[in-house]
There are 6 protein chains.
Amino acid sequence: MIHIKTKIERPSPELIEPFSKLGAATVHEASGRKGAVDPAIKPIRKGLRLCGPAFTVQCAPGDNLMLHKALEKAQPGDVLVASVSGYPEGGYFGGLMAVSAMARRLGGLAIDGCIRDSEEIIAMGFPIFARGFCIRGTSKSVPGLVNHPTVFGGIVVQPGDLILGDDDGMVVVARAEAESVLEKALKRVEAEVKKSEQLRSGVSSVELNKLGKVFEALGLVEE
Amino acid sequence: MIHIKTKIERPSPELIEPFSKLGAATVHEASGRKGAVDPAIKPIRKGLRLCGPAFTVQCAPGDNLMLHKALEKAQPGDVLVASVSGYPEGGYFGGLMAVSAMARRLGGLAIDGCIRDSEEIIAMGFPIFARGFCIRGTSKSVPGLVNHPTVFGGIVVQPGDLILGDDDGMVVVARAEAESVLEKALKRVEAEVKKSEQLRSGVSSVELNKLGKVFEALGLVEE
Amino acid sequence: MIHIKTKIERPSPELIEPFSKLGAATVHEASGRKGAVDPAIKPIRKGLRLCGPAFTVQCAPGDNLMLHKALEKAQPGDVLVASVSGYPEGGYFGGLMAVSAMARRLGGLAIDGCIRDSEEIIAMGFPIFARGFCIRGTSKSVPGLVNHPTVFGGIVVQPGDLILGDDDGMVVVARAEAESVLEKALKRVEAEVKKSEQLRSGVSSVELNKLGKVFEALGLVEE
Amino acid sequence: MIHIKTKIERPSPELIEPFSKLGAATVHEASGRKGAVDPAIKPIRKGLRLCGPAFTVQCAPGDNLMLHKALEKAQPGDVLVASVSGYPEGGYFGGLMAVSAMARRLGGLAIDGCIRDSEEIIAMGFPIFARGFCIRGTSKSVPGLVNHPTVFGGIVVQPGDLILGDDDGMVVVARAEAESVLEKALKRVEAEVKKSEQLRSGVSSVELNKLGKVFEALGLVEE
Amino acid sequence: MIHIKTKIERPSPELIEPFSKLGAATVHEASGRKGAVDPAIKPIRKGLRLCGPAFTVQCAPGDNLMLHKALEKAQPGDVLVASVSGYPEGGYFGGLMAVSAMARRLGGLAIDGCIRDSEEIIAMGFPIFARGFCIRGTSKSVPGLVNHPTVFGGIVVQPGDLILGDDDGMVVVARAEAESVLEKALKRVEAEVKKSEQLRSGVSSVELNKLGKVFEALGLVEE
Amino acid sequence: MIHIKTKIERPSPELIEPFSKLGAATVHEASGRKGAVDPAIKPIRKGLRLCGPAFTVQCAPGDNLMLHKALEKAQPGDVLVASVSGYPEGGYFGGLMAVSAMARRLGGLAIDGCIRDSEEIIAMGFPIFARGFCIRGTSKSVPGLVNHPTVFGGIVVQPGDLILGDDDGMVVVARAEAESVLEKALKRVEAEVKKSEQLRSGVSSVELNKLGKVFEALGLVEE
């Protein structure tokens, strides 16, 4: 069995770039409402955005050994997507690791545990989505996996899937579907501009979404 | 049975206006310590305030149909108070709905579920209190109720009750009691200014609150 | 039995001062990974720091009587460390108490319950770590303890222990160990500066931490 | 203001008796899917059933004074429905109180907090629905309310409403609706006997519930 | 896209039969410590066991339409493995459905939501693992998926994987690995019998597991 | 530093024996309402009782190495009181360890994590209080402590303290106070027999506890 895989396929930079400007909710809708990660995993400061190919990491509870291996092997732009086996309350990632991640121009970190040295990392500008902050130290001695499929915030992530996050949360897009999702997302953005104008001019969302017939079909009685 | 009621009685604007400058904790105290909503329902950004008559909405889990009806029927200044039947993790309200709500000059939204497009809505300035953010889409197809009494954050809200929120949380004041609560709240504010001066000058809160006799009555031994 | 103790031994100001510039995670590591308080007890605004001798308070659920006694008896620089007996959802500390605490130049408050008047207290600059905000009023009538050992966020705190907090969380250092912990913490800071430089220059954290032999010993297979 | 009300209207014993043989789920359905209490409030042993008019009690956190008043005033058959203001972890009701409740032939206790002396109470056979067991003592000194409307497990309970519980949970039926709900529930039971026979003979529930057209309308593709 | 798949490959009955006598913990160990389902999903009565090929179902929150389809399509011995999209508090499965499932000789149900009519279902003997009991009714109108890979209690389940549960919890074994896992599990059972005898005779588990050298390597000081 | 202490002082068997017949709630009251352990740590089957001197163990998250050391060193009658550092979801103790514990005639196990092989252990009759059951395997490689003071379910436990548990929960009694607590507990039991008789004869608990004057002092208005 190979524990640490390093040869993964990624979406092309040309595909990632336009995604980086889209909202997570928009992409989730364009994906057919798939891929919504547990929203308790949040950006470490308001306004942070994350977008890139998932470089997946599976850590043992309270151990960050595999994150070090991932830091060593990931390529510029990659987003480390780290699962911590159900023990969030450790400081799995800290200031020194962020320094290394920035030196290697990684795209960010998404982790279903906590991090520490948050003030310093926020000042550096390295984008992280995490469950929170925790000073508790972790060990560097227990085996795990790199670039195996992993369950992250309730969603299966394959290495090389696209992961995208903003203040609303994170969404995972399968690599093979990225292109068609992008297309649908861009159309959705366009359509929303028009809808927004109509709503601003006073049209109701009931009218806009043709919900009148829904209310009628349901037989809801209105005063 | 009438599902959607639209004729509700509201506190007068003259009554709402002075409330809008009061803190939620002060009003809670002036109400005889009633009406404190579950504090897990928080403003979507620090510093947001909410004050107005409750326009209540009961949504089915994962469905926002009735919120659209409420947007259509609420009057300027009304605060939509929406209960989502115990399934908070959906994006029940988003950017387009906020555009419509602002076009109709609603007073805000209080919801015991999540919203999405938070960055955009915060930029618009539409005041929302919610459990958090979530990109997961909702349906628009399941019936619910508008302006029926509802349990919101553990508190019974009648349509037309006054709801008020700040960074500390939200409080609900029964319409019939609003006037007397306001009076007590204003007196409380006045009294606190004096107390604040005394405390600042070095008087202890034990002295100020005459707690000496409480300690004595309890027989607490002091070193 | 003496309920309210006031004669406690504190670390010297010369010892506290250098601690106040250290990160909580660093001090936790220097303590041999002890003393990490439950990270759900957070600063009331990002960037707040807390550092001083613990003046411990044990409140009954929903009652803040003993906090008033503590405000009266604590010395300048002391940090009130208040446990609320497992009922966090009350507003145990508010604006007036903060005015008094600042008038008496206390070092701050760490509480495993909620506070209220948060906007006002943040504006004043009084440092508080708490579970959150809650408007619900508390009584001032139930006995408790002052300066007895207490369990706070899962950690035993003795009166006079040093408590230190930043955005990452809080750490408690036993008074008797404070000096040696400080020494180790300062060395750690120094070592991290060097490590940071190496990582910035492209050395991997695997190399820096000599993790190669760990991976080897574990027999992890790499692609 | 009257804190302790004792004159409440109850459903007739003739109405309560047939309810006592129905399942909570059946009654919930017959009520139009209303009145489902938070299922974390469970019978203290499997197989316990509870059915009677609600005699509502509002306790302060950690205090059971009002439960004693309720024990004194409730009538045979009444079910005490006690809310504990969001602090479940106290032993609000114990063996002695159960002795008194049985001596007075009360119908049971439903409480959104914990109880103690569970082994003894289960042996006595007094029916209780609670959040769990807790030895922590409560005070008998803080005011509350008796027979005011209360929010219990997320549901508004009016004094004299019918409350019914079994292993699946509890349901509250408004007094005015009890008769019509009973009628619908009995019809439902009858219908279920027939359905059960059909299903047992091999008819699928898709066929029985005519779900074929639902699948068709939704356009679900089947292999 | 095919929503409802029915042609799945299953482990042979010869393979399933010996598994049905093994403990979930033993199989988890024999799997290399993989496949442990969230233990909050528990048998509806102590002593229940579940073992069979997974027939996976994905329900919308608060809707059980797809469970009816699964009941219609599953084969004798199959275990329905149903995910409810993060909204556990509904009664997704009840007495009538259990009657149908038994008539069709299904192997059981594993669901990450609640069920109702528990007393009746326990009496029938149909094996169910669930998060709890809840009377709240569900709709039969929202689309979902049958026999697509699903995340169940934090674990990815492929249709036809083997799922096994006892009082300790559930474990999922990939179909392709079932044979080798069985072999290892049987060896483990055999080894445990011997170990049990040694421990019973007074040998310590430190000695049995040769932990002396671990303590030595760690440098732990013993009094 | 000594990690593993083995010389602890215990209450005498003459003291432990009468405690073993008392209820946890009674002992908690007799202790002045101290020592109530988090009630989420429950007996693994209804009716189990635990009573003995605490032999404390501190495990690293997901590791049970120190439990093996404790099994080796504890004396007959000792109750292992094990804290698992905030990661409950592992199977820290299983059937083989229970065999060894019974061979060595230990008094039981109290653990703030999960155990596995529950069916087998219940059949053996070895008394365990735990947070639940979990099949997830633990490592045997990370250092911890034996017989150091530990925080267990929110309560500080010193080695040799008396720990007592029944269906209601657990209570810890400091060794030095055990004798006086026993005396008070026995008196309490005696008094309760009399009170029980009075209540059974129809005296109300308001009368029995002289609560009339409390209601009067509070000014509660009765209908």
Which one of C:SER139, C:PHE126, C:LEU162 is farthest out on the positive end of the charge dipole of segment C:13-176, using unit charges on Cβ (Lys, Arg +1; Asp, Glu -1) and the Cα centre as origin? C:SER139
Sorted by average packing, counted as other Cβ atoms within 10 angstrom per residue and highest first, what order do D:133-142, A:147-156, D:159-168 take? D:159-168, D:133-142, A:147-156
Exam field: F:LEU218 pseudo-label spacings to other copies (7 Å along Cα-Cβ), nanometres: 1.7, 4.3, 5.2, 5.2, 5.8
For A:GLU14, inter-copy label-point distances (7 Å, Cα→Cβ), nm, shortest first, read 5.4, 6.9, 6.9, 8.3, 9.1
Mind checking the dipole of chain B: about its Cα centre, +1 per Lys or Arg Cβ, -1 per Asp or Glu Cβ, Debye to the nearest 20? 540
Mean residue ellipticity (222 nm) of chain B, computed from DSSP H runs ≥ 4 via -39,500 (n - 2.57), nearest 500: -9500 deg cm²/dmol
Output for segment F:170-223: trypsin sites (Lys or Arg not before Pro) sitting in coil per DSSP, at most 12 other Cβ within 10 Å, listed by number, reads F:LYS210
Added length on full extension, which subtracts the Cα-Cα distance from 0.36 nm per residue, C:MET102 to C:LYS7: 32.1 nm
Taking amide hydrogens as modeled 1.01 Å from N in the peptide plane, which residues meet the under 5 Å criterion relative to D:LEU106, leaving out close sequence neighbours? D:GLY77
For segment C:18-126, list log₁₀ I(q)/I(0) at each q in 0.17 Å⁻¹, using the Debye formula over Cα point scatterers of equal strength and ignoring solvent, two decimals each. -0.84
I want the antiparallel fraction of DSSP beta bridges within the protein assembly as shown, as a percent rounded to 5. 50
Burial order of peptide ranges C:58-71, E:8-21 (average beta-carbon count within 10 Å, highest first): C:58-71, E:8-21
Principal axes of segment E:148-223: Cα extent on each, largest first, Å: 57, 28, 24
Measuring from the axis that superposes chain A on chain B, report the chain A residue with the minimal C-beta distance, rounded to whole Å. A:LYS46, 6
Calculated FRET efficiency, D:ASN209 and C:ASN209, Cβ-Cβ r, R0 56 Å, to nearest 0.05? 0.35
Just checking the output field for C:199-208: average partner chain Cβ neighbours within 10 Å of each residue's Cβ? 6
Projected onto the charge dipole of chain E (+1 at Lys/Arg Cβ, -1 at Asp/Glu Cβ, origin at the Cα centre), which of E:ALA178, E:LEU96, E:GLY113 gives the Cα projection farthest towards the positive end? E:LEU96
Return the long-range amide H neighbours of D:THR6 (sequence gap of 5 or more, or a different chain), with a cut-off of under 5 Å between placed amide H atoms. F:GLU223
Can you give the average number of partner chain beta-carbon atoms within 10 Å of each beta-carbon in peptide F:167-179, as a whole number? 3
Interatomic Cα distance distribution for segment E:154-193, bins of 5 angstrom, percent: 6, 21, 22, 27, 17, 6, 2
What average count of beta carbons from other chains do you get within 10 Å of the Cβ of residues in A:213-222? 5
What cysteines in the protein assembly as shown have no other cysteine with a beta carbon less than 4.7 Å from their beta carbon? A:CYS51, A:CYS59, B:CYS51, B:CYS59, C:CYS51, C:CYS59, D:CYS51, D:CYS59, E:CYS51, E:CYS59, F:CYS51, F:CYS59
What's the percent breakdown of Cα-Cα distances in segment D:99-156 across 10 Å bins, shortest bin first? 17, 47, 35, 1
Principal axis extents for segment F:1-75, Cα atoms only, whole Å, descending order, please. 37, 29, 23
Just the Cα atoms of the protein assembly as shown, one point each, no solvent: what log10 I(q)/I(0) does Debye give at q = 0.07 Å⁻¹? -0.76
Relative to the Cα centre, what is the charge dipole magnitude of the protein assembly as shown, using +1 at the beta carbon of each Lys and Arg, -1 at the beta carbon of each Asp and Glu, and rounding to the nearest 20 debye? 0
Cα Rg, Dmax (largest Cα-Cα span) when computed across segment E:106-195, Å: 16.6, 55
Loop only per DSSP, at most 12 neighbouring Cβ atoms within 10 Å: give me the GluC sites (Glu not before Pro) in segment B:108-185, ordered by residue number. none
Quick one: check the C-alpha center-to-center distance for segment F:15-37 versus segment B:136-214, whole angstrom. 42
Mind listing the label-point distances from B:ALA40 to the same position on all other copies, shortest first, one decimal in nm, points 7 Å along Cα→Cβ? 0.7, 1.0, 1.0, 1.1, 1.3
Looking at chain B, what % of the alpha carbon pairs are farther apart than 33 Å? 24
Net +/- balance of residues flanking B:GLU177 in space, Cβ distance below 12 Å, scoring K and R +1, D and E -1: 0
If amide hydrogens are placed 1.01 Å from N in the peptide plane, which non-local residues have theirs closer than 5 Å to the one on B:THR56? B:VAL81, B:ASN147, B:GLY160
Take the alpha-carbon positions of segment D:65-130, form their convex hull, and give its projected area averaged over all directions (one quarter of the hull surface) in nm². 3.8
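FYI, it's all coordinate maths here, none of it is from the lab. Values in this document were obtained by computation on a predicted structure and should not be read as measured data. All Cβ positions, glycine included, derive from the backbone under ideal geometry; neighbour counts span all protein chains shown.
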